[in-house]
Amino acid sequence: VLFILNGLERLNLDFRLAGTELCCDPNEPVPPSAIVVNLLRKYLLPEASIIVTTRPSAVRRIPGKYVGRYAEICGFSDTNLQKLYFQMRLSQPGCSGEGSASRSSGEQENLVEMLSRNLERHNQIAAACFLPSYCWLGCTTLHFLYFTRTVPPSQTLTGIYTSFLRLNFSGEVLDSTDPTNISMMKYVSKTVGKLAYEGVMSRKTCFSEDDLQQCFEVEMKTESELNLLEVFRSDVFRFFLTPCVQPGKEHTFVFTIPAMQEYLAALYVVLGEKKTLAQRVGKELSEVIGKVSEDVTVVLTIISKVLPLRFLPVLFNLLKIFPRYFSRLSGKDRDAIAHTMAEELFKEEDYYNDDVLDQINSSILGVEGPMRHPDEAPDDEVFELFPIFMGGILSRRNRAILEQLGCSIKNLAAFEIAKAMKKTVIRKSRKGLPPSELMDYLFFLHEFQNERFTAEAIRSLRTVNLSSVKMTPLKCSVLASVMGTTCHEVEELNLTSCNLDTSSLKILFPVLLRCKALHLQLNSLGSDACKEIRDLLLHDKCVVSNLRLANNPVGEQGAQYLAEALAGNRSLTHLSLLHTALGDQGAKVIAQHLAENQHLQELNLGYNSLTDAAALHVVEVAKKHETLDKVHLYFNDISEDGKRALHSLRMDQDGVRALVFLTAGTDVSDYWSHILNIVQRNLPFWDRERVRQHLVLILQDLESSRRQTASPWRKAKFLRVESEVKKMLGKLQHGT
């Protein structure tokens, strides 16, 4: 028989004969502690084998003569074991959620490969993964970042870290022999939390021994507190803090996982541990005076019924003034917590960093590219997760888990913090945030898990600009979830260059329906995505009036889906298909369905390799359209004859305005600056040689038209436009 006794530190075993009687009969009823002691004495069931697990501080509670062998389990000493763990964990079926199996399998293999390369660099992540618990945390975080495709996401990042702490410290008391019986997590939040908070405030991640001594207040400790500190340093310290592996910082400590510093700092603040000495004394004095005043008042009220001492209870009631006054001060503490959260959330120096989800991803998988030289100055530390964790900790689910860990946050306190924070957060969010910071703000609202608060905050957002933010399935789910708390129309949603695909559009479908202006340029959206966009535009609740799909590989098949959407849509007025590889066939398909549309006002088909026939066909159809008055056709393969034919159509009384060249007969086109601005904005994404050829043709056309005109005023206009084109050509030739 093998007995496994887990967690010896929870038992107060007494091996003295006077304390625990001998017992060798398995049938004899004795207390559980007596059974354990006699098993370890080998007096009860001497043939049995016993394995006891314990924290280091409790090892000596069993006399050495009863122990045959000691073994300290440290972690994964071999990097290959770490890799194997990640490979098995990330390859579990069902980890990737929805989506095609082949794509999911490829993504999992890619994650394992990136993680392996990062571990091989022997940086801080390898030191963290020495502890198997942190391997679990890394995998769970990667699942959250890469395989979340539900709306709303079933997990929060704060929830993962809170669950991680419950996994390791649920029911754990720091020292069962100490009368305070303080929970492990409560002690960590008071001590390590203080260190973490001071590091966040001073933007520091490396801590010296002096920093530790100062935060743990060793000089001010009583003997009992020093004993607790000793237990903490032997049992828990290495779990949260580890020696730094960076060259030149060997004698300093860092948090095992960087985000854990921000989580513990957030917990320290939300629990109200950030108090001055006067506030701490005030709280204790308030509790004592409040209790004494209640007890004395009750006694005197009874005595006063017999003796004429009715005025004394009045005097003692005055004692209650202090607790009431202190409760007002504690209310100001909650205002301070809300202020800290709002200030940290909208720090201007962090405005142009990557969003927090990308930062978390980089901390686990590393950053691809050359490694930093040891002598190179490091980047400033960024702590943008800190306010997000503060919001997440206040959510109902996380407060319930923290309650189990001995860290109590009352409902009233959470309500008051949210109330105090509301005005500041909503006011600051209205100022207009950079895209990465706006993504952080949306993620904060998701982590906060307060639907009423989120609805009020989102209602004030009429324009949502997330351009150049890499919109992973998780970020799309967060955006859809947060925006889904209200039903208001969004004036503009900018998702330019956001790595969107068909699955992203499916997740965001309910949000896209409510957007008047929708920017989807530069997203590699092909024909499958156009099918999704067709369903969006044909939906009866669609309010999209301005749709920009420039620089996407729409192609002929995609054009077919968009043409079907045009035929049945009732809201769209502006459609940009600039540089979408339509070709003549794609343009003709769109032209065939234009007659069925009654609302379109502007159509951009520039840079799509259209020839004369296709361009003329489009303009002839547009000419008969009731509302369409502007068609963009510049940078297409239109000949001089085609240009003249288009110009004659334009000269008709009922003609449509066709933007083809910078000239209009012997005058400069009214839209020359508009065309050049579009070219300027798109130069980084277009084929430079082809653009150069078009600009040369435009310049020749301008010079020819200038020679034909006799008006000095018109000649001056031509020269001005020519100089702009020459500048652009010069930039192209110099590669800028």
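Can you divide the C-alpha Rg of region 549-598 by 2.2 N^0.38 Å and report the result to two decimal places?
This ratio for region 549-598 stands at 1.04.
With the other protein chains left in place, how much accessible area per residue, in square angstrom, belongs to region 119-274 at a 1.4 angstrom probe?
Per residue, region 119-274 has 39 Å² of solvent-accessible surface.
Given the options Ala338, Tyr146, Val469, identify the residue whose Cα lies farthest towards the positive end of the charge dipole of the chain (+1 on Cβ of Lys, Arg; -1 on Cβ of Asp, Glu).
Working it through, the farthest residue towards the positive pole turns out to be Ala338.
Past 28 Å, Cα to Cα, is the threshold; run Lys506/Lys624; Lys506/Lys623; Lys428/Lys731; Lys470/Lys506 against it and keep the listed order.
Over 28 Å Cα-Cα: Lys506/Lys624; Lys506/Lys623; Lys428/Lys731.
Short version: what are the Cα gyration tensor semi-axes of region 485-562, square root of 5 times each eigenvalue, largest first, in whole Å?
19, 13, 11
Using Cα atoms only, what is the angle between the long axis of helix 672-682 and the major principal axis of the chain, expressed in degrees (0 to 90) to the nearest 10?
40 degrees
Report the dimensions of region 2-66 along its three principal axes from the alpha-carbon atoms, largest first, rounded to Å.
So the three principal-axis extents are 32, 27, 20 Å.
On full extension of the chain, what length is gained from Asn6 through Arg459, given 0.36 nm per residue of separation minus the C-alpha to C-alpha distance?
Value of the extension gain: 157.8 nm.
Taking the chain as the reference, fit the longest principal axis to its C-alpha atoms, fit the long axis of helix 473-483 to the helix C-alpha atoms, and give the angle between the two in degrees, 0 to 90, nearest 10.
Result, in degrees: 90.
Find the accessible area per residue for region 2-66; the probe is 1.4 Å, ligands and nucleic acids are left out, and the unit is Å².
Normalised by residue count, the accessible surface of region 2-66 is 63 Å².
In nm, to one decimal, how far is the Leu167 label point from the Val59 one, both placed 7 Å along Cα→Cβ?
2.6 nm
Given the C-alpha centroids of region 418-492 and region 509-575, what is the distance between them in whole angstrom?
Using only Cα atoms, the two centres lie 24 Å from each other.
Tell me the label-point distance for the pair Trp713, Glu209, using the 7 Å Cα-to-Cβ offset, in nm and rounded to one decimal.
Each label point is offset 7 Å from its Cα along the Cβ direction, giving 8.6 nm.
Report the Stokes-Einstein translational diffusion coefficient (µm² s⁻¹, integer) for region 141-229, Rh taken as the Kirkwood radius over Cα pairs, at 4 °C with viscosity 1.567 mPa s.
82 µm²/s
How large is Rg over Rh for region 438-581, taking Rg from the Cα atoms and Rh as the Kirkwood inverse mean of 1/r across Cα pairs?
Over the Cα atoms of region 438-581, Rg/Rh equals 0.97.
Could you give the length gained on full extension between Arg688 and Asp25, defined as 0.36 nm per residue of separation minus the Cα-Cα distance, in nm?
Length gained, Arg688 through Asp25: 229.6 nm.
In degrees from 0 to 90, rounded to the nearest 10, what is the angle of the helix 356-365 Cα long axis to the longest principal axis of the chain?
Around 70 degrees separate the two axes.
Once Rh is set to the Kirkwood radius over Cα pairs, what Stokes-Einstein translational diffusion coefficient, in µm²/s, holds for the chain at a temperature of 25 °C and a viscosity of 0.890 mPa s?
78 µm²/s
Helix-only estimate, please: 222 nm mean residue ellipticity of the chain, summing -39500 (n - 2.57) across DSSP H runs of length 4 or more and dividing by its residues, to the nearest 500.
-17500 deg cm²/dmol
Carbon and sulfur: what percent of the chain's accessible surface (1.4 Å probe)?
53 percent
Calculate the spin-label point distance for Thr502 paired with His647, positioning each point 7 Å from the Cα along the beta-carbon direction, and give it in nanometres.
4.5 nm
If you place +1 on the Cβ of every Lys and Arg and -1 on the Cβ of every Asp and Glu, how big does the dipole about the Cα centre of the chain come out, in debye to the nearest 20?
Result for the chain is approximately 1700 debye, rounded to the nearest 20.
In nm², what is the average projected area of the convex hull enclosing the Cα atoms of region 668-735?
That works out to 4.3 nm².
Rounded to the nearest 20 debye, what is the charge dipole size of region 668-735 about its Cα centre when +1 sits on each Lys and Arg Cβ and -1 on each Asp and Glu Cβ?
Magnitude of the dipole: close to 200 debye.
Give me Rg/Rg_expected for region 104-160, where Rg uses Cα atoms only and Rg_expected = 2.2 N^0.38 Å with N residues.
Cα Rg divided by the expected 2.2 N^0.38 Å: 1.24.
Where the only charges are on Cβ atoms (+1 Lys, Arg; -1 Asp, Glu), what is the dipole of region 104-237 about its Cα centre, to the nearest 20 debye?
Around 600 debye, computed over region 104-237.
The values are calculated or read from the model by the stated rules, or taken from the named source; none is laboratory data. This structure is a prediction, so every number in the text was calculated from the model and none was measured. All Cβ positions, even for glycine, are placed from backbone atoms using ideal geometry, and neighbour counts span all protein chains on display. Ligands, DNA and RNA are stripped out before the accessible areas are found, and what is left, the full protein with its side chains, is counted by its heavy atoms. Shrake-Rupley method; radii C 1.70, N 1.55, O 1.52, S 1.80 Å.
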